[in-house]
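Scroll down for the structure; my scribbles are underneath it.
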Amino acid sequence: MNVLVTGGAGYIGSVTVERLIEKGYKVFVVDSLENGHIEAVHPEAEFFQCNIGAQNELDRIIKSCQIEAILHFAAYALVGESMENPGKYFQNNVFNAHKLIQAAVENKIKKFILSSTCATYGEPSQVPIPENHPTNPTNPYGESKLMLEKVLKWYHKCHGLEYVALRYFNACGASPNYGEDHEIETHLIPIILEVACGQRELIKIFGDDYPTADGTCIRDYIHIIDLADAHILALDVKGSKTYNLGTGKGYSVKEVIDCVEQVTGRKIKTKLDQRRSGDPAQLVAVSETIKNELGWKPIYNMEKIIQSAWKWKLTNPKGYNKN
Ligand code: UDP
């Protein structure tokens, strides 16, 4: 099967491309390289440097490469930035992505897989969060993804485009070849690992007065290989579906720090800081739906997640092409 992966030079996209190629798919990657890394594009994938908003160019690629399915990862994904510059998020994550969806409809693409997010739920009234929990995003990033889910819902109804929206919880970890390398790092695990290898003095803990056992926020951390494999299963779904992608088990910020100390054998210096605006106390998925319907099963626990990310960090201390 010929598949197009947008954002295939990014963190989650690159590992999904790797898994797709291992499973025998013919993979074509579209990435603007604004945030992606050319070094993260699998050598067996055919690469096009192109923005998802370039509808004519995408149309040409879809036709000439005989694309049958699209996995759409290319998006901006920083909650804080989306609060400062919402237009950037609606322009790219909705308006440009809509052009990609139009190209998909016009070319009768069989399946469209959307990288969505638990940020579509907003502050949960129930944890773990089931897929039928009300959606009420608290930031433009989550709203932009929810808007795209709604576009897909109507395009399914009106044009028959089949889609699967995967609402990720906290993606983390690395494959042996591809890992996390963001220009500005804001995520918990990579920041703790920077402390572990002496690139940063300490990790700030954003609040310890949440209503959780140790007072720090709880998240559902899911390894990117488990995440990537769910996308591949989603390609075979009949009809359109929306699934949570989490493990169903939550870890607090302090538990993650403890696990990094255990795995790396290094002491992590911490400093208590203020709560980060917009952070819900707990985000944990009800992950039964995709397990029951697609037979998906996450393999990586927290220890394995940290081991894989630490290995990648030691091999690529400054990320791609900066060693
Ligand atoms: N966090 C923290 N210090 C940091 C970065 C993150 O305490 O330097 C906390 C953050 O408040 C959240 C959790 O770690 O509760 C996970 O944050 P991350 O940014 O990795 O993912 P998010 O849940 O925001 O998508």
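Looking only at region 49-92, residues that are farther than 10 Å from PRO140 by Cα, of a type in the set (Asp, Glu) and open to solvent by 40 Å² or more (accessible area, probe 1.4 Å) come to 2 in all. Please work out if CYS158 is of a type outside the set (Val, Ile, Thr) and within 13 Å of the ligand (Cβ to nearest atom). The answer is no for CYS158.
Surrounded by 22 or more Cβ atoms within 10 Å (Cβ to Cβ), closer than 28 Å to VAL164 by Cβ and either within 14 Å of the ligand (Cβ to nearest atom) or without any contact (Cβ under 8 Å) to a residue 60 or more places away in the chain (or both), is that true of GLY250?
no
Selection of region 169-199 for residues being in a loop (DSSP other than H, G, I, E, B), in contact with a Phe, Trp or Tyr (Cβ under 6 Å, 6 or more places away or on another chain) and within 12 Å of the ligand (Cβ to nearest atom) yields only GLU180.
May I ask you to verify whether VAL15 is out of contact with any helix residue (DSSP H, G or I) (no Cβ under 6 Å at 6 or more places or on another chain) and either under 11 Å from TYR178 (Cα atoms) or open to solvent by less than 20 Å² (accessible area, probe 1.4 Å) (or both)? Taking the combined requirement at face value, the residue does not satisfy it. Please find, within region 108-117, the residue that is farthest from ILE70 (Cα to Cα) out of those that are without any contact (Cβ under 8 Å) to a residue 60 or more places away in the chain and surrounded by 17 or more Cβ atoms within 10 Å (Cβ to Cβ). Per the criteria, the residue is THR117. Taken as a whole, region 226-243 holds no residue that is open to solvent by 10 Å² or more (accessible area, probe 1.4 Å), within 12 Å of the ligand (Cβ to nearest atom) and closer than 30 Å to VAL164 by Cβ.
The values are calculated or read from the model by the stated rules, or taken from the named source; none is laboratory data. All of these numbers come straight from a predicted model, not from anything done at the bench. With ideal geometry, Cβ positions are generated from the backbone for all residues, glycine too; neighbour counts draw on all protein chains shown. Please note that ligands, DNA and RNA were not included when accessible areas were found on the heavy atoms of the full protein model with its side chains. Shrake-Rupley method; radii C 1.70, N 1.55, O 1.52, S 1.80 Å.
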